[in-house]
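Down below is the structure, laid out as structure tokens.
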Amino acid sequence: MWVRVMGWMMADDEPPRPSVGSLLRSVGVRARGAVVAADPREPDGIVEVAGGSGPGEQVYAVTGIASEVRDIWSGAERGRRREHCGAEFVLRVGADQFQVQFDGHASEVASGARVTVTGRLELVGEYEWESFQLPDTRTDWLVTEIVELSDDDISARLARPSTE
């Protein structure tokens, strides 16, 4: 699967700039996109779908079981009122877990529901785990390919490391 790694993450060395064959240790992957009830004929997993505009822009359908869903709110800053910014949950896909964010409300996805998230994949910023109290879904991923993107980001093809 291809995952976007933001340039600012690598500039902060969180994670260190990956290379082919390197291991990204203890990182989380987020699927950001639209959520629908899963087709009962489709197995759980990650499938590339049409819609990517080129290298590093792949779109995936990620199917699995949703955890408890919570709404995301912007903080009240300098007299501004809190605003709803979407919702998030953890998606369990076999032995893997992914953070999910979508435009919508927590009430739209039931905890324990089998859903498909269609969108792009990206690494979760290291600061987000504590700052936003995300459930810890970090794991190790092996980098098998790298594509340099025009905005200082990279796209890394990730695979589960061999346990042999």
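The values are calculated or read from the model by the stated rules, or taken from the named source; none is laboratory data. Here the structure is a predicted model, which is why all the values come from computation and not from measurement. Cβ: placed from backbone, ideal geometry, glycine included. Neighbour counts: every protein chain shown. Just so you know, the surface numbers come from the protein's heavy atoms only, side chains and all, with ligands and any DNA or RNA stripped out. Shrake-Rupley method; radii C 1.70, N 1.55, O 1.52, S 1.80 Å.
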(message) How big is the range 1-47 along each principal axis, measuring the range of its Cα positions in Å and listing the largest first?
(response) 41, 22, 16
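How much mean residue ellipticity at 222 nm does the chain get from its helices, if each DSSP H run of length 4 or more adds -39500 (n - 2.57) and you divide by all residues, to the nearest 500 deg cm²/dmol?
Values: 2 runs with 9 residues, N = 164.
Here the helix-only value at 222 nm equals -1000 deg cm²/dmol.
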(request) Can you run the Rg to Rh ratio on the range 38-164? Use alpha carbon positions and the Kirkwood inverse-distance Rh. (result) 0.99
(request) Pick out which of 129, 141, 73 has the largest mean-square fluctuation in a Gaussian network model of the chain, springs linking Cα atoms closer than 10 Å. (result) 73
(request) Compute the label zone of residue 22 within the range 133-150: residues whose backbone N is under 16 Å from the point 7 Å along Cα-to-Cβ. (result) 140-149
(request) Calculate the spin-label point distance for residue 134 paired with residue 85, positioning each point 7 Å from the Cα along the beta-carbon direction, and give it in nanometres. (result) 1.3 nm
(message) Please compute the Kirkwood hydrodynamic radius over the range 95-142, one decimal place, Å, based on all pairs of different Cα atoms.
(response) 12.9 Å
(request) Send over a whole-number figure in Å² for the accessible area per residue of the chain, probe 1.4 Å. (result) 56 Å²
(message) Given a 1.4 angstrom probe, I'd like the percentage of the accessible area of the range 67-148 that is carbon and sulfur, rounded to a whole number.
(response) 44 percent
(message) What number results when the radius of gyration of the range 1-92, computed over Cα atoms, is divided by 2.2 N^0.38 Å?
(response) 1.37
